[in-house]
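Read-outs throughout are calculated quantities, based only on the coordinates presented, and are distinct from any laboratory measurement. Model, not experiment: these values are computed from the prediction. Note that each Cβ is placed from the backbone with ideal geometry, even for glycine, and that neighbours are counted across all protein chains shown.
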Amino acid sequence: MSRPSRFEGTIGKTVADSEAWYDDPPHPGSDAPNVVLVLLDDTGFAQFGCYGSDIDTPNVDALAAGGAQFTNFHVTPLCSPTRASLLTGRSQHAVGMRAVSNFRTGFPNQLGHISNHAATIAEVLGSEGYATFCVGKWHLAPMEQCSAAGPFDQWPLGRGFDRFYGFLEGETDQFHPDLVQDNHPIDPPGRPEDGYHVSEDMIDQLIGMISDSKGVRPDRPFFAYVPFGATHAPHQAPASYLEKYKGRYDEGWDVVRQRWFERQLELGVIPAHTELAPRNPGVDAWDDLSENQKRVNCRLQEAFAAFLDHTDDQIGRLIEALRDSGQLDNTIVVVLADNGASQEGGPFGVMHEMKFFNGIFDTADDVIDQIDNIGGPHSHTNYPWGWAQCGNTPFKWYKQNTHEGGVHVPMIMHGPGVAEAGTKRDQFVNVSDIVPTIYELVDVSAPATFKGLEQLPVTGSSFAPALADSSAPASNTLQYFEMGGSRALVAGAGDDLWKAVCKHDKGADYDTEQWELYHLSGDWSECNDLAEVEPERLSELKQLWWEQAERHGVLPLDDRMIELFGARFRDNSPHPADRRYVYRPPMSPMPGQAAASIGGSSFDLTARVTREAGDGGVIYATGTENSGLSVFVQNDKLVVDYNAFDDHTILESEINVPTGSSELVLAIRRTGGRTGTMALLVDGTLAGSIDLPLFMSMMSSVGPSVGYDHGSPVSARYEAPFAFEGTLHEVVIQLLSRKDVEAQRAEAATEMSRQ
């Protein structure tokens, strides 16, 4: 008979002359600490209260007061690369994530997922006996692989997590999220009118996961990764939080940034000699704005502040649950941001990002009558550059930039290993240093092989000595940065910390474009460029950058970004070469990058249905109440609602949809850059047509559903989900022409903005 592959006992004729042996699973020890990583999205250095702002973040502030507050912590300039580095302890390029996970380039530095030769901390701790949980934003798998069709090997459960609850994309609507539980899509358990918000939901789920685990196995520690959707756009918060901040920022970004800067000096989170960087190009003086501009911009900042405040309360709920269960004192808690404050709101801010990326630039006068919608379900906002730079005080530039505004963010550690609670750490630390530090604190070694694969070396440097002693020297004395061709290198330590940085312009010559040089020890905000004063030092640092780039797999340099989102119709992709998509319900909602991309294209949508008189419901819908397209049957008529940013073009068939079986067609044609036509056919008979005054190049960040409308309703003529009551046999979408360049760039820019 067959036996287990490993058995170290003996087998005789009877139990009496045999020796039993048990292959016990690994266990890290009864006193091993829990580990919780809390990651915020697009949160700048100054935006927590303990880093200078007036936004109420008492729970994060309390963790800082009882732990170690890092003032010289650095990340990558973008979300997916930071997450890849955070979870592996390695360079983001080395593990295949130079940019967001939404695309692949055919080079090792952009796989669209974390290399399997770089085990995540969840995989490592799980193999040591930890329970592992993830709630929130993943964004570490190619989005075309994030439909219910999979493959699932790069979803959270495929990369070491026992449980997952959250969303796979770079952003989601906070009131109507695209949720995934473990390996399958689910509907949100509540609606905004019921008080639902995804940040609250994910903490509810995590507390339940921890209780389930500890209730049965109190001896088993857990690792929890908590990447919030906050404070990435859309900035959305419950009404009570929005009300709390009304009028808080009426003085404008110039006054508020100065006040936050002065508070940073008082708190000691920046050195006393730090200068406040001048306003970035494109940021107007507040006093030069019109009254309506001021009102709209204030409201956009209020929405951000409310969002962050609400998120802090969810962190507080998690901490309180750990305290109540007696787990907090034995839990390492890390709170950090993935990059600096976002520049994707542009110079004016956006009421609806899809409108912005269709080349429609609303003025404050255009949206002033919608100001009360900002921050609620009927908005998809991001604040303007002026408030983003305020969030990055005292620095210049933003997320996506390798200057300090893009990479210098808050980080706090609390719990076992922090010997001098309530003290600050000014040692230079990088996000790749967190995992090796945790490994040291929990006494775990990164494996040389994992699941039979040779592992890349963990290149981060443990800063555990600095946790034990605030005066310990920095362990990381050489760190490169790169994003879309922009480069930087930080070298040295203490009073001899230098930075060379180059802000790359797309298409510029890498060899001749200008670098800047800063003595960070005396110039945290990069105000005094010493490139001409110390050309030899700059030359040395530039050479070091190239050496580090070679070592960590940064090359080839590649400044392509948004255009890569449009790369479809290749082998091994869900997009057919003939651009014909066939959907047969029941189907789960699809992410936009896995579905037919109808924005910007002429197409035919053909549905085969069987119905009785009076049967209605949605045949196909994509988008949200803010923008999208819905095709449905109502009152025995075929209806299409083309929702262009709440400007609805509705076409209703002139004839009834017959009972029994029928073929229903929506034909949309692009007639110009921003115009088009729609026509309806019922069993081959033209049943109506209408002009489209605005043809959207990109409809929504929310993908389609077949046979119902998931999320918020695209059309005001029904309540979601308005599922089809007859039999929907299939929906066929035939894209008739490749998108023109304008449409491709609009879609690509929109995708990029969402990251």
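Of the residues 668, 712, 380, the one whose Cα sits farthest towards the positive end of the charge dipole of the chain is 668 (charges of +1 on Lys and Arg Cβ, -1 on Asp and Glu Cβ, taken about the Cα centre). Its convex hull of Cα atoms gives the stretch 564-753 a direction-averaged projected area, equal to a quarter of the hull surface, of 9.8 nm². Ordering 180, 156, 657 by Cα displacement along the dipole of the chain toward the positive end leaves 657 in first place; charges were set at the Cβ atoms of Lys, Arg (+1) and Asp, Glu (-1).
Give, rounded to the nearest 20 debye, the magnitude of the charge dipole that the chain has about its Cα centre when Lys and Arg contribute +1 at Cβ and Asp and Glu contribute -1 at Cβ.
Working: 56 positive and 106 negative charges, 321 e Å.
Here the size comes out at about 1540 debye.
With an a/c value of 1.5 or above and a/b not larger than b/c for the gyration tensor axes a ≥ b ≥ c computed over the alpha-carbon atoms, the stretch 434-576 is described as oblate.
Using the Cα gyration tensor of the stretch 423-484, with a ≥ b ≥ c the square roots of its eigenvalues, what is the shape: rounded (a/c below 1.5), prolate (a/b larger than b/c) or oblate (neither)? Intermediate results must be reported in sequence, preceding the final value.
Working: a/c = 3.15, a/b = 1.41, b/c = 2.23.
It comes out oblate by the Cα gyration axes.
What does the charge count around residue 32 come to, taking other residues whose C-beta lies under 12 Å from its C-beta (Lys +1, Arg +1, Asp -1, Glu -1)? Cβ neighbours under 12 Å give a net charge of -3. Remark on the stretch 34-476: hydrodynamic radius 21.9 angstrom, per the Kirkwood mean of 1/r across alpha carbon pairs. Every helix of 4 or more DSSP H residues in the chain counts as -39500 (n - 2.57), and over all residues that averages to -6500 deg cm²/dmol at 222 nm. In this Cβ point-charge picture (+1 for Lys and Arg, -1 for Asp and Glu), the stretch 34-476 has a dipole of about 1080 debye about its Cα centre.
This model, with +1 at the C-beta of Lys and Arg and -1 at the C-beta of Asp and Glu, gives the stretch 367-485 a dipole about its Cα centre of some 120 debye.
Within a 10 angstrom radius of the beta carbon, how do 648, 352 rank from fewest other beta carbons to most?
648, 352
In the chain, which whole DSSP H runs stretch at least 15 Å along their own axis (Cα) and average -1.0 or higher on the Kyte-Doolittle scale? TM-like helix candidates: 198-216, 253-267, 291-324, 741-753.
Taking the DSSP beta bridges in the chain as the whole, what percent of them are antiparallel, to the nearest 5? Before the final figure, lay out the partial values.
Details: 93 of 121 bridges.
DSSP beta bridges in the chain are roughly 75 percent antiparallel.
Could you tell me the center-to-center distance, by alpha carbons, between the stretch 466-499 and the stretch 324-365 in angstrom? When both Cα centres are located, 26 Å separates them.
Given axes a ≥ b ≥ c from the Cα gyration tensor, I'd like to know whether the chain is rounded (a/c under 1.5), prolate (a/b larger than b/c) or oblate. Numbers along the way, then the final one.
Working: a/c = 1.71, a/b = 1.24, b/c = 1.39.
Oblate, because a/c is 1.5 or more while a/b does not exceed b/c.
Taking the Cβ of residue 487 as the center, what net charge do the other residues with Cβ under 10 Å away carry, scoring Lys and Arg +1 and Asp and Glu -1? Around residue 487, the surrounding residues sum to 0. Near residue 663: Cβ cut-off under 13 Å, other residues only, Lys/Arg at +1 and Asp/Glu at -1. The net charge is -1. Pick out, from 278, 322, 260, the residue whose Cα sits farthest towards the positive end of the charge dipole of the stretch 257-344, with +1 on the Cβ of Lys and Arg and -1 on the Cβ of Asp and Glu. Toward the positive end, the furthest listed residue is 278. Loop-located trypsin sites (Lys or Arg not before Pro) in the stretch 380-455 (DSSP state not H, G, I, E or B) with no more than 12 neighbouring Cβ atoms inside 10 Å: 451.
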